[in-house]
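Trainee: Please find one structure pasted underneath; my questions will follow.
The values are calculated or read from the model by the stated rules, or taken from the named source; none is laboratory data. All figures in this text were calculated on a predicted structure; none of them were measured in a lab. Glycine gets a Cβ as well: all are built from the backbone with ideal geometry, and neighbour counts include every protein chain shown. We work out accessible area using only protein heavy atoms, side chains counted, and drop any ligands, DNA or RNA first. Shrake-Rupley method; radii C 1.70, N 1.55, O 1.52, S 1.80 Å.
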Amino acid sequence: MTNFRNRQPEGIPTGGQFATMTKSEADVSLATGTNTLTIDEDCSTEAVQALADAGLKGRIEPYRGDDEDMPEGMVVYSSPAGHEIGISGLGGEEVEIRIMTDDEYRSLRMSHTGKPSAEEVVKAIEVAAWTEDVTDSFSVGFTDGENEIRETYFDRNTETGDFVAGMTLSDQDGNWLTVDHNYTTGETTATPESGPGTHPLPPVDLDAVMSDMTGTDASGNSQAVAAAAFGRIRNRLEDEPFYNKLAQAQLPSQ
C-alpha cells in the first residue's frame, strides 16, 4: 500500500538545512560502486545493495544534515539528473520516500507499507523524481503573478489514454482554484476550490488567470493561450524517461 503526503507544508525553516549534505573528497573516495549505483561505504547494507540490483542508477549516501526531524538511518539518493531524495526504513515494514527540499510547497512524502520490495521502492523513487520534473517544467509555461502555483501534475488518464496536466493556484485574497488541461481535446478548465467569499463560489475568469500567469493578454483567447503554455510543458517533459513509461503503458481496456 502506498500513502501520499503531497506538497504539504512541513514547517521547515529557510536557511538551507539540506545544504550540509555536501560530499568531501574523502567521502567520495570511500564509495564502493556497482554497474549502476554508487554506494557510500557507510550505508552499504543489503537493502541498499538490493536497490542497485533493481536497476537504480546514481549515488546513495547517509544523510549528513543537521535536521533532527529526519528519520534515523535515512539515506539520500542523488539521481544522474540531480534529484535528491531521502529514503528511510529500507528493508523494514514501512519505507518512506521524501523530496529533499527547503521549499514547503515542493515537499513530497510517500510511504509504502507491507515491507515493499526493492523494485517497489525504485518505482517510488522514480515517481518522486518525476514529480520534481513536473514542478520544474511548469516554469516554461507559467509564472507566478497575482496567482501562485501551489501544486502541479502531469499524468495520463488510465481509462481514455489522454495526457492531462494541471495546477492548483492561490491568490492574495485566499482564494484557491485548480486549472486542468486535456491534451487530446485541447480544453482547459478552471474550477474554484475554496475561498473567504460567498458560497457557492463564483466561476473562475480563465481569461484573467491566463493573462496573469502567462504575461499575455488572454482576453477572449484564453483557451489558445493556455494550450500553448501547457504545450511547452509537455515538450519539456517528453525528454524525461518517465514520460516514455506513461506513453508506453498499456491501458486496462487494451
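Let's see how each residue does on (1) under 22 Å from Lys123 (Cβ atoms); (2) surrounded by fewer than 17 Cβ atoms within 10 Å (Cβ to Cβ); (3) touching a Leu at 6+ places or on another chain (Cβ under 8 Å); (4) aliphatic (A, V, I, L, M):
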site: Cys43; (1), (2), (3), (4): yes, no, no, no
site: Ala47; (1), (2), (3), (4): yes, yes, yes, yes
site: Leu51; (1), (2), (3), (4): yes, no, yes, yes
site: Lys57; (1), (2), (3), (4): yes, yes, yes, no
site: Tyr63; (1), (2), (3), (4): yes, no, no, no
site: Met70; (1), (2), (3), (4): no, no, no, yes
site: Val75; (1), (2), (3), (4): yes, no, yes, yes
site: Ser78; (1), (2), (3), (4): yes, no, no, no
site: Glu84; (1), (2), (3), (4): yes, no, no, no
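Trainee: Can you pull out the residues in segment 175-191 that are under 16 Å from Glu151 (Cβ atoms) and open to solvent by less than 40 Å² (accessible area, probe 1.4 Å)?
Mentor: Those that are under 16 Å from Glu151 (Cβ atoms) and open to solvent by less than 40 Å² (accessible area, probe 1.4 Å): Leu177, Thr178, Val179, His181, Ala190.
Trainee: While we're here: Restricting to segment 192-204, what's the tally of residues that are exposed (fewer than 13 other Cβ atoms within 10 Å of the Cβ) and within 21 Å of Thr152 (Cβ to Cβ)?
Mentor: Count: 1.
Trainee: Considering segment 148-162 alone, what residues qualify as being farther than 18 Å from Ala227 by Cβ and open to solvent by less than 20 Å² (accessible area, probe 1.4 Å)?
Mentor: Result: Gly161, single match.
Trainee: Let me ask you something else. Tell me which strands (runs of 3 or more DSSP E) are completely within segment 1-106 and hold 2 or more residues being at pLDDT 90 or above, or say none if there are none.
Mentor: Once the strands (runs of 3 or more DSSP E) in segment 1-106 are filtered for at least 2 residues that are at pLDDT 90 or above, what remains is 37-39, 58-62, 75-78, 84-88, 94-99.
Trainee: Let me ask something else. Taking the conditions exactly as written (modelled with pLDDT of 95 or more and charged (D, E, K, R)), does Asp239 satisfy them or not?
Mentor: no
Trainee: Between residues in segment 206-232 that are assigned to a loop (DSSP other than H, G, I, E, B) and open to solvent by 20 Å² or more (accessible area, probe 1.4 Å) and residues that are modelled with pLDDT of 95 or more and hydroxyl-bearing (Ser, Thr, Tyr), which pairs lie under 6 Å by C-beta distance while being six or more apart or on different chains?
Mentor: Asp217/Ser211
Trainee: Spot the failing condition for Val121; the list is (1) among the β-branched types (Val, Ile, Thr); (2) open to solvent by less than 30 Å² (accessible area, probe 1.4 Å); (3) more than 30 Å from Asp212 (Cα to Cα); (4) out of contact with any helix residue (DSSP H, G or I) (no Cβ under 7 Å at 6 or more places or on another chain), and only one is missed.
Mentor: Condition (4) is where Val121 drops out.
Trainee: Glu238: open to solvent by 80 Å² or more (accessible area, probe 1.4 Å) and of a type in the set (Asp, Glu), yes or no?
Mentor: Working: open to solvent by 80 Å² or more (accessible area, probe 1.4 Å): no; of a type in the set (Asp, Glu): yes.
Taking the combined requirement at face value, the residue does not satisfy it.
Trainee: So, one more: With the requirement that a residue be over 15 Å from Glu93 (Cβ atoms) and of a type in the set (A, V, I, L, M, F, W, C), what does segment 112-123 give you?
Mentor: Correct list: Val122 only.
Trainee: Here's a follow-up. List every residue pair whose Cβ atoms sit under 9 Å apart, with the two residues 6 or more apart in sequence or on different chains, where the first one lies in segment 61-75 and is farther than 14 Å from Thr101 by Cα and the second, anywhere, is assigned to a loop (DSSP other than H, G, I, E, B) and of a type in the set (Asp, Glu).
Mentor: Matching pairs, first to second residue: Glu61/Asp40; Pro62/Asp40; Val75/Asp40.
Trainee: Among the residues of segment 90-99, are any more than 26 Å from Pro241 (Cβ to Cβ) and acidic (Asp, Glu)?
Mentor: yes
Trainee: Let me ask another. Limited to segment 191-200, what total is found for residues that are in contact (Cβ under 8 Å) with a residue 12 or more places away in the chain and either basic (Lys, Arg) or part of a loop (DSSP other than H, G, I, E, B) (or both)?
Mentor: Number satisfying all stated conditions: 3.
Trainee: Here's a follow-up. Among the residues in segment 216-223, are any within 25 Å of Ala129 (Cα to Cα) and among the charged types (D, E, K, R)?
Mentor: The answer is no, given that none of the residues of segment 216-223 is within 25 Å of Ala129 (Cα to Cα) and among the charged types (D, E, K, R).
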